[in-house]
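Have a look at the structure below, then the notes.
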Amino acid sequence: MPEKSGIENLLHETRRFSPSSEFVAQAVAKPELYSEAKADRLEFWAKQARALHWHKPFTKTLDFSNAPFASWFEDGELNVSYNTLDRHVIEGRGDRIAIYFEGENGDTSTYTYAQLLTEVKKAANAFQTLGLVSGDRVAIYMPMVPEAVIAMLATVRLGAIHSVIFGGFSAESLRSRINDAEAKLIITADGGYRKGKVSALKPAVDEAIADSACPSVKAVVVLKRGGNEVSWNQNLDHWWSDVVDSASPEHEAKAFGAEHPLFILYTSGTTGKPKGILHTSGGYLTQATFTHKNVFDIHPTKDIYWCTADVGWITGHTYVVYGPLANGVSQVIYEGTPDTPDWGRWWKIVEKYKVTILYTAPTAIRTFMKLGREIPDKYDLSSIRVLGSVGEPINPEAWIWYRDVIGGNNAPIVDTWWQTETGAIMISPLPGITATKPGSAMIPLPGISMEIVDDAGKKVTSGGGYLTITEPWPSMLRGIWGDNERYKETYWSQHPGKYFAGDGAKLDTDGDVWILGRVDDVMNVSGHRLSTAEIESALVSHPFVAEAAVVGAKDETTGQAVVAFVILRSDQVAAAGSDSDVSKLLRDHVAKEIGAIAKPRTIMVVAELPKTRSGKIMRRLLRDVAEDRPIGDVTTLADTSVMSVITDKLEAGATD
Ligand code: WTA
């Protein structure tokens, strides 16, 4: 069980933050949730599911007889788009603002629930005209604009399945995702605004599908957003404005089975190939809606909610699109980066829209903390009443700063642990109930059963181990797209009968959970999951590289940073040039192969890599080098002198 330094100090954290009595008095989540779920877990979830609109009510809650494949609410039928839109309009909430959009370039627009529904109906009709039918896959590669949400909801309205691909991924990544899912339709934009410039998207789509590389694609819909020139393929391309704007605003949402696939979202695993995580309709929407409402204390008529995640990640799916819209709350969507035109942008948005609930990642909080409180202090943030954190462990200093500077020393913080695979939040305090500890995600939500186990699979009651989930949950992944075996092997084989999350965790003496981070070869950089194997294979695909090893090294701002060790091919050393030339070239190569988010922070050219006698690279030792620590135990190395060869070279200053 790998140890992360500093955790022992965290476990002695004695500060407790209880919600104020005013907060408790108005809180959505009541303590009975825990006792109800404990008394009858399945009935608890059935009750939450009944809060949705079912075209045909379900009679069965869970079928896990074909474990680890689960079915929830299987004989029920619903339409997810209907639940997030039509329902509000029919029940008289159509005039409520669904989205306040703030473009990075200063454009703004608002959509009421009724307007959003009309746009979704038009888009659904347009997609249908382009040949989309239930079960087809749609790749969405868009900037963070309302049309991204509209495209997602129009897709699922038809029973088709979206695969949103974050705009920061390269043409290569796009191509492999389009082909893995055999997408029929691609929805993209000319470009979007990022860091004060237009960042083009369409060229990556063109490159991905060039030379019939993606034979499943029958049409590409292009939103005009960046205004940049794009090349045009008459046979495939359609402007969004041509096909959607003129489409009929009438569209009836048909019911689909609760287990009808809803979306695929690719995420990095321990092997080179990203996994298409599959989520289905009824269970996913149940848990998305329940957790959003209770964890963020949603009062739909009063709150202005803002989750800063991009829809390219699971947080954007569950807590920008499905949860908030199902709960009928008003939310802010911001297109760009927090530093444009200056680092006050987010706080200006909070002040302007009077944001009451803010959900973001520790990496952003740490960045703001480093820049100093003078920036947020210039803005009126007094509207904020709940703060959320997600994506990586939050260190107590950042937690306290967040609460103090952004939350006016009053707003409860919900540190939410979950994953692409879990679909929705699994561990979190409930504001108004839980007295929180800075740095702890506290306890599993009602209806969620988890255990921390040791190497032998035995439950630990205090101390560290592997984080596992012991009972199926409604929004659990239903599999890996096209690879049932990999699903069983990846998540259910290490600890039989239990889902293994890939994270290590510790319990303190009160039974509260402290997440230690990944124990596998997955890195977490700025809250984004990256696979060491995927970056290694990108590196070795370059003709200069003979071998590569990648580790996640601690980084003050981004949590972890990608550090790569490469051995050059002996016949290429001269061509490769200086270490810093090679480093730049390989960083760009990784950006091209995977995307800019995967670029190593540092590339070290080395003569050898530390390996065990069986040839396994000892990343632990490389992490010691990357984090500038004394090198740990080298006795299991095949050649114990390797580490001094590496460190001697680095000490001689021949690094990146
Ligand atoms: C990490 C993001 C500590 C964890 C929703 C997990 C966290 C991975 C937290 C999933 C948290 C997420 N505290 N670590 N509150 N939330 N993680 O799939 O390692 O992008 O396994 O989903 O992020 O990342 P993913």
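Taking the number of Cβ atoms within 10 Å of each Cβ as an exposure proxy, the fewest-first ranking of 75, 190 is 75, 190. Entry note: segment 147-234 has Rg to Rh equal to 0.94, where both radii use alpha-carbon atoms and Rh is the Kirkwood radius. Convex hull volume of the Cα atoms of the chain, normalised per residue: 157 Å³. Seen through its C-alpha gyration tensor, with square-root eigenvalues sorted a ≥ b ≥ c, segment 571-623 comes out oblate because a/c lies at 1.5 or above while a/b is not bigger than b/c. Remark: segment 234-251, residue by residue, has Karplus-estimated 3J(HN,Hα) of 3, 6, 10, 7, 9, 5, 3, 4, 6, 8, 8, 4, 8, 6, 5, x, 9, 7 Hz, where x stands for each Gly or Pro and the curve is 6.51 cos²θ - 1.76 cosθ + 1.60 at θ = phi - 60°.
Applied to segment 220-232, the Karplus parametrisation 6.51 cos²θ - 1.76 cosθ + 1.60 on θ = phi - 60° returns per-residue 3J(HN,Hα) values of 10, 9, 10, 7, 8, 9, x, x, 7, 5, 9, 7, 10 Hz, with x for Gly and Pro. Computed from phi, the 3J(HN,Hα) profile of segment 411-422 under the Karplus parametrisation 6.51, -1.76, 1.60 (θ = phi - 60°) reads 5, x, 9, 10, 8, 9, 9, 5, 8, 3, 5, 7 Hz, with x in place of Gly and Pro.
With a threshold of 28 Å on the Cα-Cα distance, the over-threshold entries among 47/506; 202/488; 275/616; 275/599; 202/599 are 47/506; 202/488. Residues whose amide H comes within less than 5 Å of that of residue 523, counting only those at least five positions distant or on another chain, are 530, 531, 532 (H built at 1.01 Å from N in the peptide plane). Checking the cross-link pairs 60/437; 60/498; 30/122; 121/224; 56/293; 122/273 against a 31 Å limit on the alpha carbon distance flags 60/437; 30/122; 122/273 as lying beyond it.
Here the ratio of the Cα radius of gyration of segment 188-309 to 2.2 N^0.38 Å is 1.39. For the pair residue 636 and residue 234, label points projected 7 Å from Cα toward Cβ lie 6.4 nm apart. Each Cα pair of segment 267-322 feeds into the Kirkwood radius, which the Stokes-Einstein equation turns, at 4 °C and 1.567 mPa s, into a diffusion coefficient of 100 µm²/s. Across the chain, the relative contact order, built from alpha-carbon pairs under 8 Å that are at least six residues apart, equals 14 percent. Give me the distance between the Cα centres of segment 122-138 and segment 248-282, rounded to whole Å. Centre-to-centre distance over Cα atoms comes out at 15 Å.
The distance separating the Cα centre of segment 454-529 from that of segment 333-397 comes to 30 Å. Listed by chain and number, the aspartates and glutamates whose C-alpha is less than 14 Å from the C-alpha of residue 592, apart from same-chain residues fewer than 8 away, are 172, 207, 534, 536.
For the pair residue 596 and residue 510, label points projected 7 Å from Cα toward Cβ lie 4.2 nm apart. Proximity of backbone amide H atoms, modeled 1.01 Å from N, is registered between residue 226 and 190, 191 at under 5 Å, excluding neighbours fewer than 5 places apart on the same chain. Exposure proxy for 42, 530, 358: other Cβ atoms within 10 Å of each Cβ, ordered fewest to most, give 42, 530, 358.
Take 600-607, 149-156, 33-40, 81-88 and order them by the average number of nearby Cβ atoms within 10 Å per residue, most first; the result is 149-156, 81-88, 600-607, 33-40. The alpha carbons of segment 458-515 occupy a box of 42, 22, 17 Å along the principal axes, longest dimension given first. Using equal-weight Cα scatterers in the Debye expression, the normalised intensity of segment 289-384 in log10 at q = 0.25 Å⁻¹ is -1.39. Extents of segment 355-478, taken as max minus min of Cα coordinates on every principal axis and listed largest first, are 52, 27, 26 Å. Distances between placed amide hydrogens fall under 5 Å for residue 219 paired with 186, all partners being 5 or more residues away or on another chain.
Comparing segment 368-428 with the 2.2 N^0.38 Å rule of thumb, its C-alpha radius of gyration ratio is 1.23 (two decimals). Sparse packing (at most 11 other Cβ atoms within 10 Å of the Cβ) combined with a DSSP loop state is found for the following trypsin sites (Lys or Arg not before Pro) in segment 253-337: 302. What do you get for Rg/Rh of segment 71-159 when both radii come from the Cα atoms and Rh is the Kirkwood radius? Rounded to two decimals, Rg over Rh is 1.01. Please report the antiparallel percentage of DSSP beta bridges with both residues in segment 345-502, rounded to the nearest 5. Within segment 345-502, antiparallel bridges account for around 55 percent of the total. Here segment 1-149 is treated as an ellipsoid with the same Cα gyration tensor; its semi-axes, largest first and in whole Å, are 35, 27, 22.
The numbers here are math on the coordinates, done by the rules we state, and not lab data. If you're wondering where the values come from, they're calculated on a predicted model, not measured in any experiment. Methodologically, a virtual Cβ is constructed for each residue, glycine included, from the backbone with ideal geometry; neighbour enumeration extends over all protein chains shown.
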